[in-house]
Number of protein chains: 2
Amino acid sequence: MKLKDLAQHLGLSQTTVSRALNGYPEVNEETRRRVLDAARRHGYQPNANARRLATGRASAIGIVLPTDRNMLLDPHYMEFQAGLGETLLRDEIDIVLSPSRGGDETANYQRMAVGSRVDGVILSSPLIADERVRLLTELGLPFILHGRTESDIPHAWIDIDNEGAFRHATKHLLDLGHRRIGLINGESRFTFARDREIGFRSALAARGITPEEDFIAGGVMSDEVGYRIAERFLAERPRPTALLVSSMMMSLGAFRAIRAAGLELGRDVSMIAHDDVFPFLNPDVMVPTMSTTRSSIRAAGKRVGELLMEIVGGRAPETIHELWPVELVIRASTGPAPAD
Amino acid sequence: MKLKDLAQHLGLSQTTVSRALNGYPEVNEETRRRVLDAARRHGYQPNANARRLATGRASAIGIVLPTDRNMLLDPHYMEFQAGLGETLLRDEIDIVLSPSRGGDETANYQRMAVGSRVDGVILSSPLIADERVRLLTELGLPFILHGRTESDIPHAWIDIDNEGAFRHATKHLLDLGHRRIGLINGESRFTFARDREIGFRSALAARGITPEEDFIAGGVMSDEVGYRIAERFLAERPRPTALLVSSMMMSLGAFRAIRAAGLELGRDVSMIAHDDVFPFLNPDVMVPTMSTTRSSIRAAGKRVGELLMEIVGGRAPETIHELWPVELVIRASTGPAPAD
DNA sequence: GAACCTATTCAAAGCGCTTTCAAATCCTGT
DNA sequence: ACAGGATTTGAAAGCGCTTTGAATAGGTTC
């Protein structure tokens, strides 16, 4: 059933039917009712591609998934997508995935931009100086950054306060008497990891403590890497009495390393991990319960979707900068520093 | 730059240029070279939506993500998508995500089918009697099932041998002398979970052992649920000496429960977990290393993409049934049953 | 009653591509 | 030199929708 058929059936022109369906005002209310009614009865749905061609709008947003950077492999993306969906589906916006191999993301973005496959894209996990901002600006493809990057080019971003989160977490550990604190971070090329390290260092500096460089490390945010780094930290003498960890996945590994070293979490070693709020990894049911800096990545996904649609709708990207505060939730994995 | 411009620039008709670009044979080789050359120089890329409208092919496949079923929240989807991308990106096929809330997936599928938004869809995590097979058949939307379901309607599927995998794993534990084996399964409404239970039971039955119903449980495949079930099992007297677990995530929780009960994995309690091969959760680096039934979900995603494109291309779905064997990898988490 | 609004509808022209059908050109064999 | 076939190109008709510009009908105004 196409528009033409529906129009014929109603004895109206395509024009009027189209207008009635799309809510244009210059249509008699009675006519509109008839049209909407008939459309529902016949299960009419416009051909998405015809509409796209006619309007020039893709009604879709894109995400490039780097399938070889370990990035995508973790659950963060999934949660983020779920959040995105909450916004976009309501407005009949499609989410187009463009998995990219071999670090050749440029091609993916180009492809999306040129064929008018999508109206805009979402940039996740930005590097400290991320080329994609320039690339997309040149391509003229609207975008929003989830995270931040250094760039002269004005652009939209939304980020959590990674620096503040880790500053507060560090400060909390200091207040508990900890002096040797290990930082198990994400990969240092990502802005969020840099910001967390800055927050960590600044809290130490505020107390006149010089951080031990051996107690700062980062890597892919996996269970495995968490284990390895924690194992290394705990083998040092004197060893750290507290760990600050960039993800719950890593904290699982770190926890194992603590056990493996014959130590007890929350007593011998304290730990605070960053929690992106995965439904399948709940810090409240861990044993012991895990102290966290918490910010829902799903909520972020939802908001990112909203904002991108605003940009596509004409809002100036440079007016969009949101920095979300991060909550520090103290649970049982943190305790006073043990006596030396 | 559109086709018309390019044609004008070359002094050719749109027809010829279009044919040259799309590899039709009835075009002079020299002309084709000129066209391809000019297209590259001008960075010409056809408008995706115009092409879609003209050909009637969407060059896209769809995935409905149930955002409220806990399903999607786990990392399986992500790995699967990565695999999909390996196939589809090569052929310029888009992956369209359709997140669905409130269990109203029907609407999502309908939407994809009618607007010719996608050429076909992928069905993941089928229930034992999954309505979607009938729905999609009626909608006339090509699809492939990743997993199996009971249905009179002939359809394409690809699945791993869940039953065989768990039968072998159980048999291996029996060979090690274990008699009380706990099954920590996925949610029982899913076919894969049922099949695993069948495999488990049949291995026991083959030795004349009646399974203890209290040692069979299932739930969302999360760390948390793994912990809870294992904790419950281990509180029983006599307790199981081995656990068979449906996912690595659950096995993490189960492992914690074993430690919490003051037991040692691989000595007091053996464990075999199903490993979908996540790059961030490597059974080889766990302590102790984890015995697994292994089958890469990413490889499955890749194959599913290939097969779906074959179906879209005209291959009869009922000719597509692939059952993949599952490897049993014995590592340190399994050992002989302790004396009673 | 003529001129002028306003509200409502429609015919037709795109959107940028593919594809059918016809035409033009070039060979080949006789 | 010419019919007949193969090769190569092009004009034009869609694909199903939106949107412009024009037309019609029904008041209003002076």
| Scattering curve values for the stretch A:234-340, log₁₀ I(q)/I(0), Debye with Cα scatterers, q = 0.10, 0.17 Å⁻¹ | -0.40, -0.79
| Under unit Cβ charges (Lys, Arg +1; Asp, Glu -1), what dipole magnitude, rounded to 20 debye, does chain A have relative to its Cα centre? | 760 debye
| task | Bin width 5 Å, alpha-carbon pairs only: give the P(r) of the stretch A:162-295 as whole percents, running from 0 to the bin holding the largest distance. | result | 2, 12, 24, 26, 23, 11, 3, 0
| note | Checked against the positive end of the charge dipole of chain A (+1 on Cβ of Lys and Arg, -1 on Cβ of Asp and Glu, about the Cα centre), the farthest of A:Thr334, A:Met286, A:Thr55 is A:Thr55
| request: Taking all pairs of distinct Cα atoms, average 1/r, flip it, and tell me the Kirkwood hydrodynamic radius of chain B in Å to one decimal place. | output: 22.5 Å
| Helical contribution to [θ] at 222 nm, DSSP H n ≥ 4, -39,500 (n - 2.57), averaged over the protein assembly as shown, rounded to 500 | -13000 deg cm²/dmol
| note | the stretch A:162-295: relative contact order from alpha carbon pairs under 8 Å, six or more residues apart, as a whole percent, is 24 percent
| task | Give the nm distances, rounded to one decimal, from B:Glu30 to the matching residue in every other copy, measuring between label points 7 Å along Cα toward the beta carbon; shortest first. | result | 7.0
| field | When the stretch A:3-46 is reduced to its Cα atoms, the Kirkwood hydrodynamic radius in Å | value | 10.0 Å
| remark: Percent antiparallel among DSSP beta bridges confined to the stretch A:162-295, rounded to 5, stands at 5 percent
| query | When each copy gets a label point 7 Å from Cα toward the beta-carbon at A:Thr319, what are the spacings between them in nm, shortest first? | reply | 5.8
| With contacts defined as alpha carbon pairs under 8 Å and 6 or more residues apart, what's the relative contact order of chain A in percent? | 18 percent
| said: Of all beta bridges DSSP finds with both residues in the protein assembly as shown, what is the antiparallel percent, to the nearest 5? | reply: 15 percent
| query | What percentage of the solvent-accessible surface of the protein assembly as shown, computed with a 1.4 Å probe over protein heavy atoms, is contributed by carbon and sulfur atoms? | reply | 49 percent
| said: Using the Cα centre of the stretch A:3-46 as the reference point, and only Cβ charges (+1 on K/R, -1 on D/E), how large is the resulting charge dipole? Debye, rounded to the nearest 20. | reply: 120 debye
| message | Given the protein assembly as shown, report the % of alpha carbon pairs whose separation exceeds 37 Å. | response | 45 percent
| note | Rounded to whole Å, √(5λ) for the Cα gyration tensor eigenvalues of the stretch A:1-119, largest first, gives 39, 16, 11
| message | With every protein chain left in place and a probe of 1.4 Å, what is the accessible surface of B:Lys302, to the nearest 10 Å²? | response | 70 Å²
| Nearest-5 percent of antiparallel DSSP beta bridges in chain A? | 10 percent
| remark: Farthest towards the positive end of the dipole of the protein assembly as shown, among B:Val121, B:Ser246, B:Gly301 and with Cβ unit charges of +1 on Lys and Arg and -1 on Asp and Glu, lies the Cα of B:Val121
| said: How far, in nm to one decimal, is B:Asp91 from itself in the other copies if the label point is set 7 angstrom along Cα toward Cβ? Shortest first, please. | reply: 3.2
| Relative to the Cα centre, what is the charge dipole magnitude of the stretch A:267-320, using +1 at the beta carbon of each Lys and Arg, -1 at the beta carbon of each Asp and Glu, and rounding to the nearest 20 debye? | 80 debye
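The values are calculated or read from the model by the stated rules, or taken from the named source; none is laboratory data. Computed from a predicted structure; not experimentally measured. Glycine gets a Cβ as well: all are built from the backbone with ideal geometry, and neighbour counts include every protein chain shown. Surface accessibility is based on the protein's heavy atoms, side chains included, excluding ligands, DNA and RNA. Shrake-Rupley method; radii C 1.70, N 1.55, O 1.52, S 1.80 Å.
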